[in-house]
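Rule-based calculations on the coordinates, nothing more; no lab input. All values reported here derive from a predicted model rather than from experimental measurement. Please note: Cβ atoms are built from the backbone with ideal geometry, for glycine as well, and neighbour counts cover all protein chains shown.
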Amino acid sequence: MTEPKKLFVKTYGCQMNVYDSQRMQDVLAPLGYQPVDSAEGADMVILNTCHIREKAAEKVFSDLGRVRKHKEAKEANGGDKMIVAVAGCVAQAEGAELMKREPMVDMVFGPQTYHRLPEMVARANRAVGRNRIVDTDFPAEEKFDHLPEHVSKQGYSAFLAIQEGCDKFCTFCVVPYTRGAEYSRPGADVIREAKQLVAHGTRELTLLGQNVNAYHGEAPNGGEWTLGRLLREMAEIDGLDRIRYTTSHPRDVDEDLISAHRDLKKLMPFLHLPVQAGGDRVLQAMNRKHTNADYRDIAARLKDACPDLALSSDFIVGFPGESDKDFEDTMEIVRDITFIQAFSFKYSPRPGTPASAMELQVPEKVKTERIMRLQALLAEQQLVFNQNSVGKEMDVLLERRGKYEGQLVGKSPYMQPVHVSGLPESALGQIVRLKITEALPNSLGGELVDATRNDQKSERNVA
Ligand code: 5AD
Ligand code: SF4
């Protein structure tokens with residue numbers, strides 16, 4: 001038997017990239033590539049990159065410097081070759097320049113081409129000469145049809161891509177350009193993949209899409225499934241206990257989805273629903289297609305359907321033209337709605353997006369002042385939510401060992417990491433009922449409530 005080849009994949013950015021990296025490993029496994037956790041000595045290194053903000057893209061170039069050293073060391077004195085590949089959204093957006101700027105990169109390929117990896121690797125590995133490959137096409141046929149049907153084992157909590165691309169064209173965002181137009185996978189394919197993951201031990205699934213609630217996949221018997229309908233089908237899968245989905249657009253929250261939150265116990269009461277900003281002028285300039293009032297209305301309807309539902313959000317501060325008043329509108333919507341977790345960013349002009357050419361770019365100093373105020377408020381809301389969890393009971397999916405001896409870490413319905421001591425490692429993968437005894441800014445501590453009541457599948461949420 002030939003020696004397995006070492007494959008190191010580094011993932012940047014969003015959960016879709018995490019999923020894609022996993023699928024790249026699945027595609028390359030039949031060629032003898034096995035994942036390792038360092039670039040040192042690897043036969044192939046893939047950087048699966050993110051282009052969403054400037055900082056994320058810059059990180060790739062500094063990491064490439066480190067990879068170059070490993071490549072030189074491996075190939076010194078006639079050693080085996082190391083293929084260096086750049087995948088993901090930086091590859092898609094800057095493919096040709098990347099090749100020019102980084103002569104040691106062998107392959108550059110975009111997110112729609114992963115199914116062609118074996119062919120690319122074979123070409124790059126050819127004994128004669130050096131073959132550098134760029135593949136940033138958006139092929140007409142969809143990559144999902146050509147990826148292996150079989151997915152490999154993932155953790156107790158796994159990702160499943162059901163939708164890719166975005167047609168919303170928010171004026172700050174590169175996604176519609178790097179990931180292309182919206183595409184929804186057929187319902188039957190998604191259900192099959194979910195069942196495979198569950199058969200491998202997955203108990204929690206997060207359905208992924210750049211704009212996941214725009215999902216409109218082909219239904220097995222003709223017609224289309226909305227996300228709400230797909231969630232109902234998913235909830236029927238035995239052994240699958242928790243379902244989440246991300247990332248959603250407020251504009252695509254429909255009655256079907258709201259009623260899924262009312263009806264489905266397995267659907268976790270936590271939703272990432274980015275608002276981005278509070279000021280209507282800014283929302284319009286962002287081309288968000290919703291107003292401040294629309295967002296408030298959607299949040300109210302969701303909470304009406306599922307009273308224990310909590311929201312998280314993304315925010316951008318310092319979008320071109322954002323006035324003090326606009327920013328105060330952002331602060332106000334945060335105070336009124338309350339987010340239990342959030343990501344907030346200073347606006348970062350991205351090449352080729354409409355907002356990067358807008359007048360009235362906000363000075364860096366103002367962006368910094370605003371983000372500090374916003375983040376202080378968001379951190380306070382998160383801490384208050386965590387503190388209010390103390391004394392309550394929650395179902396926690398135990399996922400991994402903790403930092404300390406005898407400690408396990410799991411996830412609450414609200415994505416809070418929860419630490420618990422005194423349980424055997426065999427409890428990993430179980431959903432246990434814990435009483436929350438301690439709250440920190442980013443995590444909770446708990447203790448077992450009553451062993452006999454544990455692992456009852458449909459119990460959920462905060463008591
Ligand atoms: N500048 C700052 N933040 C951005 N995001 C997307 N594009 C930009 C940009 N140009 C943020 C949005 C989005 C999240 C994934 O990244 O808040 O929801
Ligand atoms: Fe980007 Fe807007 Fe599409 Fe989200 S909805 S991926 S922010 S364009």
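Observations, loosely collected:
- Qualifying position, being away from ligand 2 (no atom under 16 Å from the Cβ), of a type in the set (Lys, Arg) and over 22 Å from the mean Cα position of the chain (by Cα), among Lys55, Lys6, Lys59, Lys10: Lys6
- Close pairs from the range 158-182: first within 23 Å of Arg281 (Cβ to Cβ), partner assigned to a strand (DSSP E or B), Cβ under 8 Å, at least 6 apart: Cys170/Gln276; Phe172/Ile316
- Residue check, Gly41 assigned to a loop (DSSP other than H, G, I, E, B) and touching a residue at least 60 places away in the same chain (Cβ under 8 Å): no
- Scanning the range 142-179 for residues that are among the β-branched types (Val, Ile, Thr), away from ligand 1 (no atom under 16 Å from the Cβ) and more than 16 Å from the chain's Cα centre (by Cα) yields one hit, Val151.
- Ala57 under 30 Å from His150 (Cβ atoms), touching a residue at least 12 places away in the same chain (Cβ under 8 Å) and surrounded by 22 or more Cβ atoms within 10 Å (Cβ to Cβ): no
- The range 277-288, subset out of contact with any Phe, Trp or Tyr (no Cβ under 6 Å at 6 or more places or on another chain) and outside any loop (DSSP other than H, G, I, E, B), residue nearest to Ala355 (Cα to Cα): Ala285
- Among the residues making up the range 332-368, those that are away from ligand 1 (no atom under 13 Å from the Cβ), part of a helix (DSSP H, G or I) and surrounded by 15 or more Cβ atoms within 10 Å (Cβ to Cβ) are Ile333, Val334, Ile337, Val366.
- Test: residue in the range 181-201 that is assigned to a loop (DSSP other than H, G, I, E, B), within 16 Å of ligand 2 (Cβ to nearest atom) and surrounded by fewer than 23 Cβ atoms within 10 Å (Cβ to Cβ): yes
- Extreme residue, farthest from Arg179 (Cα to Cα), among residues of the range 207-244 that are within 16 Å of ligand 2 (Cβ to nearest atom) and part of a loop (DSSP other than H, G, I, E, B): Tyr215
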